[in-house]
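Working notes, beginning with the structure itself.
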Amino acid sequence: MINIRTIQHYMYCPRRFGLLEIENAWAENVSVVLANIMHENVHSGKHQFKSNNKVVLSSVTLYNDELGLYGVADCIEFCKNKDGVPIDGLDGKYTVRLVEYKPTQPKDGSIRETDAIQVFAQKLCADYIWKCNSEGCIYYADTKKRVKMPFDEEYDRYKALLDDLVGKMQNVMESGVIPPKIKGQKCSGCSIKDLCMPKTKKYSIKQLIEEDCV
């Protein structure tokens, strides 16, 4: 089974994914800490509520046994809709809407492919559990804007991309071999760059001879 949150790691760098999943390597930088604080707030339950027309839950476990995926959704909104689907424990029928929280929105207003595929994987899990066609959104904390994902229009493209990624990730996990660094990979923003490529101490032959003679 592939944890949905690790898909972004693989897309950023297969070697990072391998180090995290096979060697359990981990380190944090400022970006990771800020994202963790935001998600801790979302998952705390403070945003949960229930009204006549909507039920909002946070930190919801998702899975899809057929695709070998599992994970946790930041937030799921069950919105009353006569054309929706029944939800266990709730009266009536509902539209299922996933809301993923991200710290920053791209300056050009575009959607990061890594963010979109994460929400798409959650969607396939929600569709599997509730037998529905769920919606997906990303809420950007810095702009306080919610952006709906174009999954209806681009379903086939996202499905093909996800299938390819999951297959490659499963191969890495089954082999137990950490992928090599990709040529041209940008590592400056990676929190585990020092664990991935540790700096070696400079030395000289003269220094080694002098140390042996001591």
- With 26 Å as the limit, write out which pairs from Lys144/Lys168; Lys145/Lys183; Lys80/Lys148 have Cα-Cα distances beyond it, or answer none. Lys144/Lys168; Lys145/Lys183
- Query: Cα extents of region 75-115 along the three principal axes, largest first, in whole Å?
  - Reply: 41, 18, 14
- Query: So what are region 55-129's ellipsoid semi-axes, whole angstrom, largest first, if each one is the square root of 5 times an eigenvalue of the alpha-carbon gyration tensor?
  - Reply: 24, 16, 11
- Query: Among 78-88, 103-113, what's the highest-first ranking by average C-beta atoms within 10 angstrom per residue?
  - Reply: 78-88, 103-113
- Message: Just to confirm a number: summing +1 for Lys and Arg and -1 for Asp and Glu over residues other than Asn133 whose beta-carbon lies under 10 angstrom from that of Asn133, what do you get?
- Response: -1
- Note on the structure: Env charge @ Pro14, Cβ radius under 12 Å, K,R +1 / D,E -1, value +3
- Query: Using a ≥ b ≥ c from the Cα gyration tensor of region 106-193 (square roots of the eigenvalues), is it rounded, prolate or oblate, where a/c under 1.5 gives rounded and otherwise the larger of a/b and b/c decides, a/b for prolate?
  - Reply: oblate
- Query: Taking the alpha-carbon centroid of each part, what is the distance from region 52-76 to region 143-192 in angstrom?
  - Reply: 20 Å
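Values quoted throughout were computed directly from the atomic coordinates according to the rules given, and no laboratory measurement underlies them. On a predicted model such as this, the values are computed, not experimentally measured, just so you know. FYI the Cβ positions are ideal-geometry reconstructions off the backbone, even for glycines, and counts take in every protein chain you see.
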